[in-house]
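Here is the structure we will look at, set down as structure tokens.
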Amino acid sequence: MKQQDRMHDLIGVGVGPFNLSLAALLDEIDDVDSVFFEQKEQFDWHPGMLIEGTKLQVPFLADLVTMADPTNKHSFLNYISKNDRMYQFYFLQRLDIPRREYNDYCQWVSRRLSSCKFGHEVTSIRHVKEHEDYFEVTVKDLKTNQSNVYKTKHIVMGTGSVPVMPKSFKGLPEEDVFHTADYVPNQDRCRSAQSVTVVGSGQSAAETFRELLKEQRECGFRLDWITRSASFESMEESKLSLEHFSPDYVKYFYQLPQKDKDEIFANQGLYYKGISNHTIEDIYNLLYEYSIGEDQLNVGMQVLSEVRGIEEKDDGSGYVLDCYHWQKKETFKHHSEVVITATGYKPHVPDFVHYLSDFLEWDEKGRYKVEADYRLKKTEETDNEIYVHSGISHTHGVGSTNLGLAVHRNKVIINHLLGREEYKLPDRSIFQSFDI
Ligand SMILES: Cc1cc2nc3c(=O)[nH]c(=O)nc-3n(C[C@H](O)[C@H](O)[C@H](O)COP(=O)(O)OP(=O)(O)OC[C@H]3O[C@@H](n4cnc5c(N)ncnc54)[C@H](O)[C@@H]3O)c2cc1C
């Protein structure tokens, strides 16, 4: 293991959109020595859900830099311009760009940033106290399997989220029973199946169901959608509701007592968990179209029903789902050859963060505590900081995973890192008041 003597100002763990945005903004600032490590071979944004026709759920203005500096060379519009697509984009007249294009844009930016190192996994972090305190970061080069140790004054964690698969669904053949996060590589498997069932009713479930619905008649499979929810609820997308995804709401939410925050956040599911109206519209239009004429609609949509377990059939022809209709309090069985779980994501907090447990402050639910400016709270007096993007919904609220607030968060982080106001933060950014 080689020890690198150079002392960096900042090491980033993970290069998803949040840390990529930070790397892009720091590219314009000369006095910060930063390096960002990503375990994937290249930038790739939720590749299993890059379904053709799906759209980014925020306007393209929430790119990696524009909300901080519209003149930044890493902007989405510069990507369009440098790729000679300005007129096509102009005539397109849309704010909601294809999700595949957002990924392509981020890949374009990542290739222009020498600070982003792909194929490198951060495996541990240690706080070292010598004449000068610093963090020692161990990084494994996944091509050579060789580990190197880097020194840095500060760290920024951008390790994102990982899919959540219910326990009872684990250990079954992965080509038959998989999470929506793995949908795209399994599309051919679905096409060849007799029956496909989607479990869950968030945006990922709806996008997967819509895509399957488009192919269902031609491929000839039976398609079902089952959810525990009382309805296929739509996301709250009115403009005034969207103001919850603003710096003002973050500021208001942050200063509330933790108990209140937990209660409020638990009741805000419709701001981020429901289905976009346009996706529901597409699905309904397809169903209506298919219902014309003699053909029977070979599609089922079941609400109020919890899937409690799954068993492989003895003859290998598929799976039996144990379901429970919680209003009628009755159980029933459902058969399907392929089962896709749309059971959400949880923040990915790597194990090595827990090894820093004595260095960090934790709440009674085992979550780290976070300062208003996104620094993890520490038990020790030291100038070394760990900034964090992921797993902060409990402290900073419903907008924490939203792309539209990432640049604002990075402005706050950069101002703290530099100890000066590199970016002016807005006093007020929305029309309504949350605080008094
Ligand atoms: C399918 C899907 C669609 C979404 N669509 C939208 C949308 O349209 N609009 C919106 O506002 N939000 C959306 N979100 C929410 C959110 O914006 C995204 O989840 C976003 O990717 C979060 O960015 P991130 O940088 O935190 O994490 P991620 O994109 O999850 O990236 C984290 C990266 O860290 C890497 N990593 C983890 N551990 C290590 C390690 N130890 N060493 C090195 N690398 C590591 C991972 O490989 C990963 O690449 C969506 C979420 C999902 C799941």
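The values are calculated or read from the model by the stated rules, or taken from the named source; none is laboratory data. Predicted model only: the values in this text are computed from it and were never measured. Ideal geometry is used to build each Cβ from the backbone, glycine not excepted, and the neighbour counts take in all protein chains shown. Calculation scope for accessible area: heavy atoms of the full protein, side chains included, ligands and nucleic acids excluded. Shrake-Rupley method; radii C 1.70, N 1.55, O 1.52, S 1.80 Å.
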**Report entry** region 13-52 and region 190-231: distance between their alpha carbon centers, rounded to Å
**Finding:** 32 Å
Query raised in the report: Hey, with R₀ at 35 Å, roughly what FRET efficiency would residue 301 and residue 255 work out to, going by the Cβ-Cβ distance, to 0.05?
Result: 0.25
Query raised in the report: Quick one: Karplus J couplings for region 153-163, per residue in order, coefficients 6.51, -1.76, 1.60, θ = phi - 60°, nearest Hz, x for Gly and Pro?
Result: 6, 9, 10, 10, 8, x, 8, x, 9, 10, x
Report summary line: Extension length gain for residue 365 and residue 52 (0.36 nm per residue less Cα distance), in nm, is 108.7 nm
Requested in this report: Heavy atoms only, probe 1.4 Å: what % of the accessible area of the chain goes to carbon and sulfur, would you let me know?
Outcome: 47 percent
Query - Per-residue HN-Hα couplings for region 260-274 [Karplus 6.51, -1.76, 1.60; θ = phi - 60°; Hz; x = Gly/Pro] - result: 5, 4, 4, 5, 5, 4, 4, 9, 10, x, 5, 6, 9, 9, x
Query raised in the report: So who's got an amide H within less than 5 Å of the one on residue 65, skipping anything under 5 residues away but keeping other chains? H placed 1.01 Å off N, in plane.
Result: 76
Query raised in the report: Hey, what's the chain come to in accessible area per residue, 1.4 Å probe, Å²?
Result: 51 Å²
Report task. Please report how far the C-alpha centroid of region 278-338 lies from that of region 339-411, rounded to the nearest whole angstrom. Result -> 37 Å
Report summary line: In deg cm²/dmol, rounded to the nearest 500, the helical mean residue ellipticity at 222 nm of the chain, built from -39500 (n - 2.57) for every DSSP H run of length 4 or more, is -7500 deg cm²/dmol
Report summary line: trypsin sites (Lys or Arg not before Pro) in region 157-260 lying in a DSSP loop, each with at most 13 other Cβ atoms within 10 Å of its Cβ, come to 170
Query raised in the report: Quick one: if you stick a label point 7 Å off each Cα along the C-beta vector at residue 129 and residue 308, how many nm between them?
Result: 5.3 nm
Report summary line: So, over other residues within a Cβ distance under 12 Å of residue 158, counting Lys, Arg +1 and Asp, Glu -1, the net charge is 0
Report task. Could you calculate the FRET efficiency of residue 287 with residue 327 from 1/(1 + (r/R0)^6), where r is the beta carbon distance between them and R0 is 35 Å, rounded to 0.05? Result -> 0.90
Query raised in the report: Short version: ³J(HN,Hα) in whole Hz for each residue of region 100-108, in order, from phi by Karplus 6.51 cos²θ - 1.76 cosθ + 1.60 (θ = phi - 60°), x for Gly and Pro, what are they?
Result: 5, 6, 4, 4, 5, 4, 5, 5, 4
